[in-house]
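Working notes, beginning with the structure itself.
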Amino acid sequence: MQQPSTAPYEERLTAPRAWWVMCFLAGVSLALIVVPFGTLPALGGLAAGTAAAAVVVSSYGSARIRVVGGSLIAGEARIPVTALGEAEILDAEEARAWRTHKADPRCFMLLRAYIPGAVRVQITDPSDPTPYVFLSTREPERLAGALRAAKAAA
């Protein structure tokens with residue numbers, strides 16, 4: 001039996017560690033709010049506040065970028081690599097410019113401000129009004145290489 005091939009690129013845009021500390025601090029804040037009602041409500045507030053904040057942080061940090069099966073999958077978007085142009089690797093300063101004043105309102109962005117690097121990929125499909133895809137990534141060179149390899153294989 002043949003093993004399925006592994007994805008040449010997969011990345012989860014997880015939240016920074018400091019955000020998890022802030023989750024605990026949100027729980028402490030809720031515990032302090034309910035401490036006048038007693039120790040047990042304060043402990044419940046600590047647990048509930050920490051858990052609620054952790055759910056929000058985990059959800060925000062669950063976005064994934066994958067290059068698999070001839071497609072670029074970024075969050076909810078699935079784009080065949082045949083519809084993509086060359087990937088441009090952006091350093092922190094260039095990425096900030098493309099997130100702000102250079103951004104085209106028609107582009108697709110999967111960005112996380114806590115990730116400084118990014119890749120910008122032109123969309124070459126004439127029927128698609130989206131001019132490019134902007135993806136925050138911790139490994140821009142590896143993502144660009146995976147896109148080149150997937151395009152060569154397609």
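Axis angle, to the nearest 10 degrees, between helix 39-60 and the longest C-alpha principal axis of the chain: 10 degrees. Ligands, DNA and RNA are left out, and with a 1.4 angstrom probe the accessible area of the stretch 1-102 is 64 Å² per residue. Taking Cα atoms only, the orientation of helix 140-153 departs from the longest principal axis of the chain by about 40 degrees. The H on the amide N of L72, modeled in the peptide plane, is under 5 Å from the matching H of I79, V81, each at least 5 residues off or on a different chain. To test your reading of the geometry: what angle, between 0 and 90 degrees and rounded to tens, separates the Cα axis of helix 17-34 from the longest principal axis of the chain? So the inclination is approximately 30 degrees. Checking the a/c ratio against 1.5 first, then a/b against b/c, what shape does the Cα gyration tensor give for the stretch 16-71? Here the stretch 16-71 falls in the prolate category. Take the chain and mark each of the trypsin sites (Lys or Arg not before Pro) that is in a DSSP loop with at most 13 other Cβ atoms within 10 Å; the longest unmarked stretch, sites excluded, is 1-101. Averaging 1/r over every pair of different alpha carbons in the stretch 53-102 and inverting the result gives a Kirkwood radius of 13.3 Å.
For the chain, report the convex hull volume of the alpha-carbon atoms normalised per residue, in Å³, without decimals. Intermediate results must be reported in sequence, preceding the final value.
Details: hull volume 23.6 nm³, N = 154.
Roughly 153 Å³ of hull volume per residue.
Mean 1/r over all different Cα pairs, inverted: what Kirkwood radius does the stretch 100-143 give, in Å? Please report the intermediate quantities before stating the final value.
Values: mean 1/r = 0.0894 Å⁻¹.
So the Kirkwood estimate lands at 11.2 Å.
Among the chymotrypsin sites (Phe, Trp or Tyr not before Pro) in the stretch 109-154, which ones are in a DSSP loop with at most 16 other Cβ atoms within 10 Å of the Cβ? Mind listing them?
For chymotrypsin sites (Phe, Trp or Tyr not before Pro) across the stretch 109-154 that sit outside H, G, I, E and B with at most 16 neighbouring Cβ atoms in 10 Å, the list reads Y114.
Accessible surface of the chain, 1.4 Å probe: 62 percent of it comes from carbon and sulfur atoms.
The values are calculated or read from the model by the stated rules, or taken from the named source; none is laboratory data. Just so it is clear, the structure is predicted and the values come from calculations on it, not from any experiment. Ideal geometry is used to build each Cβ from the backbone, glycine not excepted, and the neighbour counts take in all protein chains shown. Please note that ligands, DNA and RNA were not included when accessible areas were found on the heavy atoms of the full protein model with its side chains. Shrake-Rupley method; radii C 1.70, N 1.55, O 1.52, S 1.80 Å.
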